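Nothing in this text is a laboratory measurement; each read-out follows from the coordinates by a stated rule. Just so it is clear, the structure is predicted and the values come from calculations on it, not from any experiment. All Cβ positions, glycine included, derive from the backbone under ideal geometry; neighbour counts span all protein chains shown.
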Amino acid sequence: MDNINNNKQQPQQKKQKWFFSLVFSLLLSTILIIISVSMSSTSTKFYNRAYVQTPRPRFVEQQLQVVSTSSEKIPRLAYLISGSTGDGESLKRTLKALYHPRNQYAVHLDLEAPVEERLELARGPTMVTNTLHAAAILFKEGGDWDWFINLSASDYPLVTQDDLLHVLSTIPRNLNFIEHTSDIGWKEYQRAKPVIIDPGLYTVQKSDVFWVPEKRNVPTAYKLFTGSAWMMLSRPFIEFCLWGWDNLPRIVLMYYANFLSSPEGYFHTVICNAEEFRNTTVNHDLHFISWDNPPKQHPHFLNVDDYQRMVDSNAPFARKFGRNEPVLDKIDSELLGRIADGFVPGGWFNNKRNSNLTAPNHAVANTSELKPGAGAERIKRLITGLISAEDFHAKHCI
């Protein structure tokens, strides 16, 4: 009998449990719906208020704007000078020829250079990443400057810094002197499509790059440009390359990480695909360079026979010079007024001191006083001719 009663009670208990579960679920669902509707109403009111106050969403990128150029009458320059093993003395000579207390300098010697050479010079980073890293250091440590110039130990100035600063004080500071062209020719098949791995990115010693058998397509999202690896870039453009607030510099940098001779294309491609900078280009690298005919990968070394052509070019820099090349002494004496192991004299010098000093800051009189000479006239002819040419605007990024 007990078994019969138990059997009757079990279905009833199951029905009760099912009923209570259903009621609990309905109550819980009702509560959740009420809460969600209430929150939706509140959030909608908040959204409406926010929409009226700020009709467009605000992103971090909108706060990153192109910096304005300096308002100082005389500009300031930031130099990166790079070298390798055995270049210590050449770098010191170039530094002394370029020194001016208004400027900032980052000097790089790669890890193959002897410790003694690296200890005598402040180190920076290499290649395109070296240039960007050095620019970032100069932003952080170098204060305000207006143009960034990259040189090597085999470069040398043909004018004084007073000459150069005097002429640059008369032109817009958003101009970028970068030799460029979209006609990449043979480079499309020999440099753009091949993929390489550069051991220099992760090993201490230099070695040849590794070539990947597969080829890649030329990018379609942006147009490739090529040109000289030597340039004078404006501060706003350098900051754009470092911040990359529209992703273009980072995307292009990833592409050129597997590109042979990337310094001959990275900055050119970025500037000519950036709407805010493509019309700021001046198609010249401010260098005198003598190429073999037909051109080889590297220009030939300059000597005394090239001296007059260097002067006639009106360029402020020349390359490529061998170590202790005699023509450098001729440039020092006839163009720069520099004595052996000294600094190039200028308006910043205390007249009571001579230029052959190991600590030039002790002789600083007035960094805003310039004494331009014949070199200023040569640079003026070059730059005036470039930016006043009838086809100047037509030559932007073609």
Between the DSSP loop rule and a limit of at most 10 other Cβ atoms within 10 Å, which trypsin sites (Lys or Arg not before Pro) in region 241-302 are left? 296
Using Cβ counts within 10 Å as a stand-in for footprinting exposure, how do 109, 98, 260 rank, fewest first? 260, 98, 109
With label points set 7 Å from each Cα along the Cα-to-Cβ direction at residue 388 and residue 304, the distance between them in nm comes to 3.7 nm
What percent do you get for the relative contact order of region 77-395 when only Cα pairs under 8 Å and 6+ apart count? 21 percent
Kindly provide the chymotrypsin sites (Phe, Trp or Tyr not before Pro) of region 129-187 that DSSP labels as loop, not H, G, I, E or B, and whose Cβ sees at most 10 other Cβ atoms within 10 Å. 186
Roughly how many whole Å is it from the C-alpha centroid of region 76-95 to that of region 265-279? 27 Å
For a footprinting-style exposure proxy, rank 183, 87, 306 by other Cβ within 10 Å, fewest first. 183, 306, 87
Quick one: which of 77-85, 217-225 comes out on top by average Cβ neighbours within 10 Å, and what's the full order, highest first? 77-85, 217-225
Quote to one decimal, in nm, the extra length available between residue 368 and residue 217 on full extension: 0.36 nm per residue of separation minus the C-alpha distance between them. 49.2 nm
Is region 77-395 best put as rounded, prolate or oblate by its Cα gyration tensor, with a ≥ b ≥ c the root eigenvalues, rounded for a/c under 1.5, and otherwise prolate when a/b is larger than b/c, oblate when not? prolate
Run the quick spin-label model on residue 275 and residue 324: label points 7 Å from Cα toward the beta carbon, then report their separation in nm to one decimal. 5.7 nm
